[in-house]
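Visitor: So that we are looking at the same thing, I have put the structure below in structure tokens.
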Amino acid sequence: MSGAGFHIPYVAFFGRTYTECLDMFAMQPADLREGPTLDCPSGPDSFVAEACAAGFEVVGCDPMYAHEPAQMRLLGRQNVDACIASIEAQPNSLTFRDYAAFKQAKYDAIERFTADYERNRHRYVNASLPTLPFAGRAFHRVVAANFLFTYAHREFGGLYDGREFDLAFHLKSVAEIARVARHEIRLAPMGSFAPPPRPHPYRDPVTALLRELGFSTELVPSGLDSGLAGFNDVLVARRLA
């Protein structure tokens, strides 16, 4: 994809709604009753806000949580506009086409997130991979989407121009996620953003690491269209007894 195609020159502050997150991770609301969930990194998702409003225990972490709500609202909306413009300029890069609905969902997520962040800041932890400030096995489940794999360099299946989030970074980050996960990990997306459609180059090394760390792994179809034709999966890892 070098020199062409949809790509992102920075780590975007880009979020999803509660429904989008459940669909993306192939989960049902009942799954959240099993124990506390960590969304890492959470960005301007409304997953934490809406899940907690429904009575579930969900915590978000992100390095952007060092900032004030107004700053994050502005940056989030700017990033949505820029990303949508880039996607529309490369209509064959991703498979989904309902850009208006996609964009509105991002705006909705930002508004719900910032409103909850103002009222319930304790749910949002300023932290970033590959080091998390949580005790071992502190969460029943950890979910992670659209940072790992997505921000690999374009030569390695991602959308990013930078090279700091290489395979070594991914393996260290996944090991840290495994450290704080008591039962389950869900990672997405699993497809390469660089054509032709194929698994992400980091998928198999990450899967092998999780197995070494004592997890079973399987690929589960995601209910949210990531735009990755044929590889719209979630990697689900469960700690073995």
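Visitor: Quick check on segment 28-84: of everything there that is among the β-branched types (V, I, T) and out of contact with any strand residue (DSSP E or B) (no Cβ under 9 Å at 6 or more places or on another chain), which residue is surrounded by the most Cβ atoms within 10 Å (Cβ to Cβ)? It would help to see each step written out before you state the result.
Guide: Here is the first cut: in segment 28-84, the residues among the β-branched types (V, I, T) are 37, 48, 58-59, 80, 84.
Filter once more, keeping what is out of contact with any strand residue (DSSP E or B) (no Cβ under 9 Å at 6 or more places or on another chain): 80, 84.
On the way: V80: 23, I84: 15.
Result: V80.
Visitor: Sticking with this one: When you go through G3, G43 one by one, which is the residue that is under 22 Å from A178 (Cβ atoms) and modelled with pLDDT under 95?
Guide: Working: G3 fails: under 22 Å from A178 (Cβ atoms).
G43 is the lone residue from the list that is under 22 Å from A178 (Cβ atoms) and modelled with pLDDT under 95.
Visitor: A follow-up question, please. Collect the residues in segment 202-227 that are in a loop (DSSP other than H, G, I, E, B) and closer than 28 Å to I84 by Cα, keeping them in residue-number order.
Guide: Residues of segment 202-227 that are in a loop (DSSP other than H, G, I, E, B), as a first pass: 202, 213-214, 222-227.
Those that are in a loop (DSSP other than H, G, I, E, B) and closer than 28 Å to I84 by Cα: Y202, S222, G223, L224, D225, S226, G227.
Visitor: Might you let me know whether segment 156-174 holds any residue that is over 25 Å from R239 (Cβ atoms) and either part of a helix (DSSP H, G or I) or among the β-branched types (V, I, T) (or both)?
Guide: Yes, some residue in segment 156-174 is over 25 Å from R239 (Cβ atoms) and either part of a helix (DSSP H, G or I) or among the β-branched types (V, I, T) (or both).
Visitor: Output the number of the condition that P189 fails; it satisfies all remaining conditions of (1) at pLDDT 95 or above; (2) within 18 Å of L129 (Cα to Cα).
Guide: (1)
Visitor: Something else: Anything in segment 204-241 that is among the charged types (D, E, K, R) and at pLDDT 90 or above? List them, or say none.
Guide: Looking only at segment 204-241, we keep the residues that are among the charged types (D, E, K, R), and these are 204, 211-212, 218, 225, 233, 238-239.
If the condition is that a residue be among the charged types (D, E, K, R) and at pLDDT 90 or above, then D204, R211, E212, E218, D233, R238, R239 are the ones that fit.
Visitor: Something else about it: Please list, ordered by first then second residue, the pairs with beta carbon atoms under 7 Å, 6 or more apart or interchain, first in segment 119-140 and hydroxyl-bearing (S, T, Y), second assigned to a loop (DSSP other than H, G, I, E, B).
Guide: Listed by first residue and then by second, the contacts come to S128/P41.
Visitor: May I pose another question? Might you let me know whether segment 173-184 holds any residue that is among the hydroxyl-bearing types (S, T, Y), within 30 Å of A30 (Cβ to Cβ) and touching a strand residue (DSSP E or B) at 6+ places or on another chain (Cβ under 9 Å)? It would help to see each step written out before you state the result.
Guide: Of the residues in segment 173-184, the ones among the hydroxyl-bearing types (S, T, Y) are 173.
After this cut, where a residue has to be within 30 Å of A30 (Cβ to Cβ) as well, the list is 173.
From what's left, touching a strand residue (DSSP E or B) at 6+ places or on another chain (Cβ under 9 Å): 173.
Yes, some residue in segment 173-184 is among the hydroxyl-bearing types (S, T, Y), within 30 Å of A30 (Cβ to Cβ) and touching a strand residue (DSSP E or B) at 6+ places or on another chain (Cβ under 9 Å).
Visitor: Scanning segment 120-140 for residues that are part of a loop (DSSP other than H, G, I, E, B) and of a type in the set (G, A, S), which turns out nearest to the chain's Cα centre (by Cα)? Talk me through it step by step, then tell me what you get.
Guide: Looking only at segment 120-140, we keep the residues that are part of a loop (DSSP other than H, G, I, E, B), and these are 120, 126-127, 129-130, 132-138.
So of that shortlist, the ones also of a type in the set (G, A, S) come out as 127, 135-136, 138.
Numbers: A127: 15, A135: 21, G136: 21, A138: 19 Å.
Going through the qualifying residues, I end up with A127.
Visitor: Which count do you get for residues in segment 66-88 that are in a helix (DSSP H, G or I), of a type in the set (D, E, K, R) and more than 11 Å from P44 (Cα to Cα)? Before you say what the answer is, go through the steps one by one.
Guide: Of all residues in segment 66-88, those in a helix (DSSP H, G or I) come to 66, 69-88.
Subsequent filtering for residues that are of a type in the set (D, E, K, R) retains 73, 77, 81, 88.
Subsequent filtering for residues that are more than 11 Å from P44 (Cα to Cα) retains 81, 88.
The total comes to 2.
Every residue, every condition in (1) in contact with a Pro (Cβ under 6 Å, 6 or more places away or on another chain); (2) free of Cβ contacts under 8 Å to residues at least 40 places away in the same chain; (3) buried (at least 22 other Cβ atoms within 10 Å of the Cβ); (4) under 21 Å from F102 (Cβ atoms), yes or no:
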{"position": "D161", "(1), (2), (3), (4)": "yes, no, no, no"}
{"position": "D166", "(1), (2), (3), (4)": "no, yes, no, no"}
{"position": "S192", "(1), (2), (3), (4)": "no, yes, yes, yes"}
{"position": "Y202", "(1), (2), (3), (4)": "no, no, yes, no"}
{"position": "A208", "(1), (2), (3), (4)": "no, yes, no, no"}
{"position": "G214", "(1), (2), (3), (4)": "no, yes, no, no"}
{"position": "G223", "(1), (2), (3), (4)": "no, no, no, yes"}
{"position": "A241", "(1), (2), (3), (4)": "no, yes, no, no"}
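The values are calculated or read from the model by the stated rules, or taken from the named source; none is laboratory data. These numbers come from a predicted model, not from an experiment. Glycine gets a Cβ as well: all are built from the backbone with ideal geometry, and neighbour counts include every protein chain shown.
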